[in-house]
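Participant: Starting off with a structure, shown below.
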Amino acid sequence: MTNTLLASPLFGITLTLLVFHLATLLNQRFKYTLLNPTIVAIVTIIVILRQSDISYTDYSAGGDIILFLLGPSVVALGVPLYQRRTEVMQRLIPILSGISVGAITSIFTTTVIVLLLGGDEQLAITIAPKSVTTPIAIGLAAKFGGLVPLTAAVVVMTGCFGAVVGPALCKFLRINDPAAMGLAMGTAAHGIGTGRMLEIDLMGGAIAGLAIGLNGLITSMLMPVLKVILG
């Protein structure tokens, strides 16, 4: 009975939603940057699975369903964008320029660092789309011969790091405009960073949502070029 329950998709879904809800309450209670709900939930689930000797295969039966919902959730970010469409259109050129530069810089610096540290072409392809949302990054890694599980892990780590460090870094650099912060967060830290930005400012969250989509589009066009260069 227990094995049947653990292998059911209901187990992975229930565990993920319950742990994330508790992590959100913890974050709201203490308001500490490192207690980002996503980070806390990931660490907690890993500990639970290891301590309970539950295989990742059993957990992923339900976890993969939540992963599938990442696509619709990105589309849902268009709601705050639509609500601020007038303001977005007024800043369209700077927004497009910033996202383009951010996408190019992310892929270039990542690839150079990997190669300088002795990594091969496959590893560079795997990590290059680290700043785009998970569904797009996984698709790109699979298409161009990257290691999909590693890509997924690096994307999540990038988003968590950006959500934790991004706002403080912007303040340190005296970037106080919510639109500029949202542009940076969405371009560099995809959905997780955008979620954090929506907590700070709705306009910034809207810009971050736009940055996710455009960065994914630009990165998708740059990956074939990277593949040719590395090949």
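Participant: Go through segment 212-231 and give me each residue that's modelled with pLDDT of 90 or more and in contact with a Gly (Cβ under 7 Å, 6 or more places away or on another chain).
Facilitator: Within segment 212-231, Asn215 is the sole residue that qualifies.
Participant: Give segment 44-57 a look and list any residue that's within 17 Å of Met157 (Cα to Cα), among the hydrophobic types (A, V, I, L, M, F, W, C) and either surrounded by 13 or more Cβ atoms within 10 Å (Cβ to Cβ) or touching a Cys at 6+ places or on another chain (Cβ under 9 Å) (or both), or say none.
Facilitator: Ile45 - this is the single residue of segment 44-57 that is within 17 Å of Met157 (Cα to Cα), among the hydrophobic types (A, V, I, L, M, F, W, C) and either surrounded by 13 or more Cβ atoms within 10 Å (Cβ to Cβ) or touching a Cys at 6+ places or on another chain (Cβ under 9 Å) (or both).
Participant: Right, Thr126: within 20 Å of Gly102 (Cα to Cα), crowded, with 20+ Cβ neighbours inside 10 Å and in contact with a His (Cβ under 7 Å, 6 or more places away or on another chain) or not?
Facilitator: no
Participant: Another question, then. Give the residues of segment 164-188 that are farther than 18 Å from Ile99 by Cβ and surrounded by 19 or more Cβ atoms within 10 Å (Cβ to Cβ), sorted by residue number.
Facilitator: Correct list: Val164, Pro167.
Participant: Taking the condition of being at pLDDT 90 or above and farther than 16 Å from Leu226 by Cα, how many residues in segment 122-137 meet it?
Facilitator: Total satisfying the criteria: 0.
Participant: Let me ask something additional. Residues of segment 20-39 being surrounded by fewer than 19 Cβ atoms within 10 Å (Cβ to Cβ), assigned to a helix (DSSP H, G or I) and within 20 Å of the chain's Cα centre (by Cα), which ones?
Facilitator: Of everything in segment 20-39, those that are surrounded by fewer than 19 Cβ atoms within 10 Å (Cβ to Cβ), assigned to a helix (DSSP H, G or I) and within 20 Å of the chain's Cα centre (by Cα) turn out to be Phe20, His21, Thr24.
Participant: Tell me, yes or no, whether segment 189-206 has at least one residue that is crowded, with 24+ Cβ neighbours inside 10 Å, in contact (Cβ under 8 Å) with a residue 60 or more places away in the chain, within 11 Å of Ile99 (Cα to Cα) and not hydroxyl-bearing (Ser, Thr, Tyr).
Facilitator: No - not one qualifying residue is present in segment 189-206.
Participant: Return only the number of the condition from (1) out of contact with any Gly (no Cβ under 7 Å at 6 or more places or on another chain); (2) not assigned by TED's automatic domain parsing to the domain that holds Ala211 that Gly62 does not satisfy.
Facilitator: Looking at each condition in turn, Gly62 falls short on (1).
Participant: Assess whether Gly139 counts as being surrounded by 22 or more Cβ atoms within 10 Å (Cβ to Cβ) and in the same structural domain as Gly205 (by TED's automatic domain parsing). Don't jump to the end; show me each part of the working.
Facilitator: Numbers: surrounded by 22 or more Cβ atoms within 10 Å (Cβ to Cβ): no; in the same structural domain as Gly205 (by TED's automatic domain parsing): yes.
When the stated conditions are applied, Gly139 does not pass them.
The values are calculated or read from the model by the stated rules, or taken from the named source; none is laboratory data. These numbers were taken from a predicted model, which means no experiment stands behind them. Quick reminder, even Gly has a Cβ in these numbers, built from the backbone with ideal geometry, and neighbours come from all protein chains shown.
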